[in-house]
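Okay, so here's the structure we're looking at.
The values are calculated or read from the model by the stated rules, or taken from the named source; none is laboratory data. If you're wondering where the values come from, they're calculated on a predicted model, not measured in any experiment. As a convention, Cβ positions derive from the backbone with ideal geometry for all residues, glycine included, and neighbour counts pool all protein chains shown.
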Amino acid sequence: MSNLTKASADNGSDGNAALQAQDLLNAMHQAGEPLGWQGLVAQLKLRGPAEIKAARQVLNELLKAGQISGDAKAGYELVGQPAIRQGASDRKDARDRGEVRLQGGHLWVENLPLNRAQQKEPGGLWVRAGDQIRYREQDGEALVTERLKMSALPVIGVLNLKGRVPLVEPLLRQVTGRIRIQGKASGAAQGDSVRVQLLDQDHRGWVGRITSVISSESVLQQAIASTLETLDIKADWPEAVSKSLPRLPKTVRRQDHGHRTDLSDVPLVTIDGATAKDFDDAVYAEPLAKGGWRLIVAIADVSHYVKPGSALDLEANERTTSVYLPDYVVPMLPEALSNELCSLKPEVDRLALVCDMRIQADGEVVAYEFCEGLIRSHARLTYEQVQDHLDHQAPLPGDPEAAQRIAASLRALHEVHDAFAAAKLERGGLDFEGREGDIEIEQGFVVGIRPVRRLMAHRLIEEAMINANVCAARFIEKHEQLSLYRIHEPPDVLKLADLRQDLMSLGVRLAEGVPSSLTYQRLLKEILSKPGGWLYQQMVLRSLKQAVYSPQNAGHFGLALPRYMHFTSPIRRYPDLLVHRTIKALLNQGGRRKGWILDKETLEGLGERCSQLERRAETAGWTVAAWLKCDLLRQHIGEVREGTVAGVTDFGLFIEVDDFFIQGLLHISDLGGDYFRHEPSRQCLVGERSGRRFALGDRLGVLIANVEPAQGKIELQLPEGSARAKPQTKKSGSERPKSEKGRRRSGASAKRRRR
């Protein structure tokens, strides 16, 4: 029986699709050269019309998805993955070399995850973040073949003194397993964050010594300092940047007005969160006499002060993004710029790059114009203020005349939003309703978690910014200039196969092939109408690719847009700053400015790095947030809390604990003495003898058994006296279900998405 036939027999039609696709990709990878149709048939050892027909269907899906290219005559080959040719293992080219990086709590090299089963070389050689290695690709993973250079950076972790030997649990899985500590703990106490120098390794893993303790006055400070150091995020400014700051003006100078359009009388306002200090966008809207609206989006003109090649530019290029953590920001630009000179503060002159749009009743932007402007924000509004005004006509700041003008603009802005939202709905743009908790901090200490509410005020700004970004992409594309697009490619075939299987438990069918954005939109609407729909929404979200930066336009699947760029946040994102420079060059010189226009190859490298550092910033954000949530939950160890089954695996249940917006693990061994069978198609665990069923969306009372904040680990148990599966006589090893072989894990997860 071939692999394809076996997959079909074991998993049914939907699970079969996933295995067939992977088998076909593996076969092409192993061949090491383009394969024609007959070559694929031979490589897969297909027999009979049914197997051949099934393989042909999967081949066509992979072609449509763009994962393979070619034809039957010339041969098919993988797209976007380096094929391993004959003798590739002996080559010493750059592709076989790379640096191990930490992404999303896992180790990666280039764009490949390290093989988790391996993660140790044959001679007992373990790898860690920062190591220079040689590797080969196998089945979409990186297999380490040699370590070329060991990282010199210390490992950051949390000290555990409860056992016979001091152990350090590395933060964010920088290395595999715990580090055994030699010598004294250097004054460190249980639970302290410490720096560890690795000394040696054996069959049990790493051995190291503590070099210093990361001192802090609070858990918040400990979490921030440890995370930043682990991810190599530098908060301090280099000397060259510090020396350049005194040369910056304190206010907008008259000589900077130049040829700028004076919009200081237009009642533009900023709308941001209550704690925001870097205001990079201001908006104004008004109805037009002939129907439709005028929408002005004014963005801080950072490029006026941050010149290409300057110390400020080089550092911004190095950081590429601001890093937002609870109660703390590592800015891309110094606060003298981000919070002062460039920030669109109320009642002061500011330089801006302005997008002035004309919008029809159907939400189409029929005309737009970019200009360098001089603006004066008429008010600094919060989302809550705007929402109160929209709902209850709550008063706005300023004198009556100014407040009246701002109110009229907000009404028009609301109308513009409705038109944009209708257009987005028609074209298939996706809209996810997240469940997030905002950490409340007072005087440096966490005091609680409150649910994040997405208000209409948030949507007003979001739609305005999206359409300004589209205009930027249209303008640059019209002038045939290179810059960085924000692209979001369609989901791949394998993730779609997983999604189809997940949706089976909800009775929802997703058509074969790669669905359009509109199909995804309808899918979201259908599942959100069902009980527990928010859980299945997370499955849909996981099936999507991440948005990235690239000079090659591939459209934006999530927004259902043919072109898209980031233009609206140059204070905190370097790609936006590049887009600003490009637009200003086109405005002032018809296209090119000597000395900074970047070629495609440079932009490709920059886009990849900006995308990677964006992921790093996101990792930092959810790591600190999970640490703080866990620390708060730790106060409730021994208590029974209500929660929802948010994930079902063969090793247990992930439970989202009410009021904490974080997930803990209820391990399968803690469900009672029964043997539980994992049924992926129904998203449940079923006891073989008791019949007890645990399914996605179930409500459970769970005991908080153990919490390890630094690792984001939460261990849960069913409370005594609950309806646990009754213990049964232990089966023989031969009868033990495969699901019980799952490795015991605990963890917390939080996902964020950026458009």
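Among the acidic types (D, E), in the same structural domain as I439 (by TED's automatic domain parsing) and under 21 Å from G607 (Cα atoms): which single residue out of E335, E347, E318 fits that description? Result: E318 is the single residue among E335, E347, E318 that is among the acidic types (D, E), in the same structural domain as I439 (by TED's automatic domain parsing) and under 21 Å from G607 (Cα atoms). For the stretch 594-610, a tally of residues being β-branched (V, I, T) and modelled with pLDDT of 90 or more returns 1. On the stretch given as the stretch 158-198, residues that are under 24 Å from T619 (Cα atoms) and basic (K, R) total 3. If the condition is being free of Cβ contacts under 8 Å to residues at least 12 places away in the same chain and either buried (at least 20 other Cβ atoms within 10 Å of the Cβ) or among the charged types (D, E, K, R) (or both), then the stretch 503-525 contributes R509, R522, K525.
One line per residue, one yes/no per condition, for (1) within 21 Å of N111 (Cα to Cα); (2) surrounded by fewer than 19 Cβ atoms within 10 Å (Cβ to Cβ); (3) hydrophobic (A, V, I, L, M, F, W, C):
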residue: Q546; (1), (2), (3): yes, yes, no
residue: L559; (1), (2), (3): no, no, yes
residue: Y564; (1), (2), (3): no, no, no
residue: T568; (1), (2), (3): no, no, no
residue: Y574; (1), (2), (3): no, no, no
residue: K584; (1), (2), (3): no, yes, no
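Quick test for you: out of E286, E315, pick the one residue that is in contact (Cβ under 8 Å) with a residue 24 or more places away in the chain and within 25 Å of P249 (Cβ to Cβ). Checking each option against the conditions leaves just E315.
Residues in the stretch 155-179 that are on the phi < 0 side of the Ramachandran plot and surrounded by fewer than 19 Cβ atoms within 10 Å (Cβ to Cβ): N160, L161, K162, G163, R164, V165, L167, E169, T176, R178.
Scanning the stretch 466-476 for residues that are small (G, A, S), on the phi < 0 side of the Ramachandran plot, touching a Leu at 6+ places or on another chain (Cβ under 7 Å) and at pLDDT 95 or above turns up nothing.
Taken over the stretch 183-200, the residue count meeting the criterion of being in contact with a Leu (Cβ under 7 Å, 6 or more places away or on another chain) and either basic (K, R) or modelled with pLDDT under 80 (or both) is 1. Going residue by residue through the stretch 675-684, is there one that turns out to be over 21 Å from S505 (Cα atoms), in contact (Cβ under 8 Å) with a residue 40 or more places away in the chain and surrounded by 19 or more Cβ atoms within 10 Å (Cβ to Cβ)? Scanning the stretch 675-684, I find at least one residue that is over 21 Å from S505 (Cα atoms), in contact (Cβ under 8 Å) with a residue 40 or more places away in the chain and surrounded by 19 or more Cβ atoms within 10 Å (Cβ to Cβ), so the answer is yes.
Within the group L528, L482, L460, which residue is under 30 Å from E679 (Cα atoms), aliphatic (A, V, I, L, M) and in contact (Cβ under 8 Å) with a residue 60 or more places away in the chain? Break it down stepwise before answering.
Working: L482 fails: under 30 Å from E679 (Cα atoms); L460 fails: under 30 Å from E679 (Cα atoms).
Answer to the selection: L528.
Residue by residue, here is whether (1) within 26 Å of E618 (Cα to Cα); (2) hydrophobic (A, V, I, L, M, F, W, C); (3) under 22 Å from the mean Cα position of the chain (by Cα) holds:
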residue: L494; (1), (2), (3): yes, yes, yes
residue: S505; (1), (2), (3): no, no, no
residue: E512; (1), (2), (3): no, no, no
residue: G532; (1), (2), (3): no, no, no
residue: L535; (1), (2), (3): yes, yes, yes
residue: K545; (1), (2), (3): yes, no, yes
residue: H556; (1), (2), (3): yes, no, yes
residue: A560; (1), (2), (3): yes, yes, yes
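Based on this model, can you work out whether I466 counts as farther than 30 Å from Q521 by Cβ, touching a residue at least 60 places away in the same chain (Cβ under 8 Å) and within 22 Å of the chain's Cα centre (by Cα)? No: the conditions fail for I466. Of the residues examined, A394 is one that is in contact with a helix residue (DSSP H, G or I) (Cβ under 6 Å, 6 or more places away or on another chain), in the same structural domain as R573 (by TED's automatic domain parsing) and either acidic (D, E) or free of Cβ contacts under 8 Å to residues at least 40 places away in the same chain (or both). Please determine whether any residue of the stretch 620-638 is closer than 22 Å to R542 by Cβ, among the basic types (K, R) and either surrounded by 19 or more Cβ atoms within 10 Å (Cβ to Cβ) or free of Cβ contacts under 8 Å to residues at least 24 places away in the same chain (or both). Yes.
Within the stretch 182-202, the set of residues being over 21 Å from D131 (Cα atoms) and touching a Pro at 6+ places or on another chain (Cβ under 6 Å) comprises just one member, A185.
Assess whether L665 counts as being outside the structural domain of R500 (by TED's automatic domain parsing), touching a helix residue (DSSP H, G or I) at 6+ places or on another chain (Cβ under 6 Å), touching a residue at least 40 places away in the same chain (Cβ under 8 Å) and surrounded by 21 or more Cβ atoms within 10 Å (Cβ to Cβ). The answer is no for L665.
Kindly state which helices (runs of 4 or more DSSP H) lie completely within the stretch 470-589 and contain at least 3 residues that are under 30 Å from R56 (Cβ atoms) and of a type in the set (S, T, Y).
Numbers: elements: 493-504, 517-528, 533-543, 574-589.
It comes to 517-528.
The set of residues in the stretch 607-623 being small (G, A, S) and touching a helix residue (DSSP H, G or I) at 6+ places or on another chain (Cβ under 8 Å) consists of G607, A620. Per the listing S264, S215, S244, the residue uniquely free of Cβ contacts under 8 Å to residues at least 40 places away in the same chain and farther than 24 Å from L613 by Cα is S215.
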